[in-house]
1. For the stretch 510-526, enumerate the residues that are closer than 18 Å to Asp410 by Cα and either assigned to a helix (DSSP H, G or I) or open to solvent by 60 Å² or more (accessible area, probe 1.4 Å) (or both).
2. Being part of a helix (DSSP H, G or I) and of a type outside the set (Lys, Arg) is the filter; apply it to the stretch 27-36 and report the residue that is surrounded by the most Cβ atoms within 10 Å (Cβ to Cβ).
3. Can you tell me which residue is farthest from Tyr200 (Cα to Cα) among those in the stretch 226-240 that are modelled with pLDDT under 80 and open to solvent by less than 60 Å² (accessible area, probe 1.4 Å)?
4. Can you confirm whether the stretch 477-491 contains a residue that is over 26 Å from Gly117 (Cα atoms), aliphatic (A, V, I, L, M) and either in contact with a helix residue (DSSP H, G or I) (Cβ under 8 Å, 6 or more places away or on another chain) or part of a strand (DSSP E or B) (or both)?
5. Identify all residues within the stretch 335-373 that are modelled with pLDDT of 95 or more, outside any loop (DSSP other than H, G, I, E, B) and open to solvent by 20 Å² or more (accessible area, probe 1.4 Å); write none if there are none.
6. Taking only pairs six or more apart or across chains, which ones have beta-carbon atoms under 8 Å, a first residue in the stretch 348-373 that is closer than 23 Å to Arg558 by Cα, and a second residue that is among the polar types (S, T, N, Q) and not in a strand (DSSP E or B)?
7. Pick out, from the stretch 378-475, the helices (runs of 4 or more DSSP H) lying fully within it that include 1 or more residues that are free of Cβ contacts under 8 Å to residues at least 12 places away in the same chain, open to solvent by less than 30 Å² (accessible area, probe 1.4 Å) and over 22 Å from Arg512 (Cα atoms).
8. Restricting the search to the stretch 267-302, which residues are closer than 16 Å to Ala47 by Cα, among the aromatic types (Phe, Trp, Tyr) and either open to solvent by less than 40 Å² (accessible area, probe 1.4 Å) or modelled with pLDDT of 75 or more (or both)?
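The values are calculated or read from the model by the stated rules, or taken from the named source; none is laboratory data. Since the model is a prediction, treat every value here as computed from it, not as a measurement. Backbone-built Cβ (ideal geometry, glycine too); neighbour counts: all protein chains shown. The accessibility values were calculated without ligands, DNA or RNA, using every heavy atom of the protein model including side chains. Shrake-Rupley method; radii C 1.70, N 1.55, O 1.52, S 1.80 Å.
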Amino acid sequence: MRSLPLADPGTPDSRSASRYLWWLASHQFRTLSFGMFFGITWMLVGALIPMVIGKAIDAGITTKDTSALARWAGAFLLLGLVQAGSGIMRHRNAVFNWMSANFRTVQAVVRHANRLGATLPKRMATGEVVAIGAADTSHIGNALDITARGSAAIVSLVTVTVILLTASVKLGLVVLLGVPVQMAVVSLLIKPLHRRQQAYRDQQGALTGRAVDIVAGLRVLRGIGGEQVFADRYRTQSQQLREAGVRAARIDSLLESIQVLMPGLFLALVTWLGARLAVGGEIQPGELASFYGYAAFLIMPLRTLAEMLEKMTRGHVSAGRVLKVLRLEPEIAAPAAPRSLPEHGALVDVKSGLTLRPGVLTVLAADRPEDAIEIADRLGRYTEGEVTLGQVPLSAATRDEVRARILVADNNARLFSGPLREELDPTGTASDEQILAALRAASAEEVLDALPDGLDAFVAERGREFSGGQQQRLRLARALLADAPILIMVEPTSAVDAHTEARIARRIGPARQGRTTLLTSTSPLLLDQADHVVFVDDGKVIAEGTHRELLAGEPRYRAVVTRSVDA
């Protein structure tokens, strides 16, 4: 079995859920074909076994022909071996198809999420995206997994029907008419099941989003005493989700019961008719045993067809949820004719009037923190804006080139799970000396010293074993270690104490020597160490200079920095 696909599978067809499932199938056509081939062989052999048993009874036991009995016993053994081998291969390919569809969907969603960038959290809740990976990918995988057994069920039903028609027209007609009747009954439940599963899936995504928000803001909620309020809201919403799940489960349980009831009635009918034919002398005892075997065998393909309808329905619903993400378009469009950005030059935000001079450590102080964040987003091209680098508009360059030149680090960045060394240096190109130098510049040496395994220590998800200040310093070290030509950091010391902030303020300039750096902050400790300070009021630059010059000559700057009401 070849390895799971990791290469780019291309762009998914997002016009409809059915087309998306077909797109997945087209990219794993080989294993789907193998799975269907071995599935048909596996189930078809099972359909032939009752015939062999009946022949053995008539030719070997009734007539007491030992050699004939031996031949049919050998045929039975051969069919058993073929069924075992094909069953193993069918299951192997089916599992591969499930995993491949699952992981291809994850790849498609993650790749598109990266392309959307800052657009995704504005258009879709985090919980909705999490729910796709938690449930939808599995249902989509099941829709492709069932193709191996579903195709086998169809072929085996046709085969058994032909055999029964050949032996007895009456029994053959029972099978020929009974299968459509069962499928009609099952299909009546598919539409309400689809509708209720859709409603359940919508509420599941909303509840997951609320859970993500509560976990992210748990410390704040505890600080303001709002923990119980949000817990009550979550409990109410979770009960609504439970009720939606029960409504969907009612249809699902009815579908499951029909999958047992209908084949059972079918088995009883075929057995009763076969017994009457045997008593009347129309068929041999061996044929009666074969008919009973066929009737018992038909339970499996009939249930498989009902299961296929159910899994295809679930897969269709989940594919629709995935397409909600894949249909989103980035707010910032790629240029038709990309231009290259210069190696050096001033970074200018026309709207605010901010100019970052090359190789200078600049600190931006704003009367409103929102203004500083908006400027940082425009400079990093996370939102549209008239921004130039060396007189070349950022909108004329590709997003990858902008990201290679300009790094924006804010407090929404996360620490991921894994060794600390890989967390700080994802590319694996930095030496231990460089990592330690970045940690020292971020005043994070004691964080490293407290870890028994040092740089090889394992960081838990979101770095939850670290305090808020420790997480911020590690993120700062990671940003410094990236050594971007232009680094923009939003409030990089907001969670640390004054002594730690003073050390960071003294060290960050030498660490970024010769590189363009912008910090947004109103901390006097950072402002005093800056080469250049820019003051923004109402989103516009109104004053520039050193920290001490602005304190002496700009009352509004002095009021913001010293937190005083100074006209």
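1. Leu526, the sole residue that qualifies.
2. It comes out as Gly35.
3. Top of the filtered list is Gly226.
4. No: the stretch 477-491 contains no residue that is over 26 Å from Gly117 (Cα atoms), aliphatic (A, V, I, L, M) and either in contact with a helix residue (DSSP H, G or I) (Cβ under 8 Å, 6 or more places away or on another chain) or part of a strand (DSSP E or B) (or both).
5. The answer is Val348, Thr355.
6. From residues that are closer than 23 Å to Arg558 by Cα, the pairs are Leu361/Gln529; Val363/Ser521; Leu364/Ser521; Ala365/Ser521; Ala365/Thr522; Ala366/Thr522; Asp371/Ser352.
7. none
8. Result: Phe291, Tyr294, Phe297.
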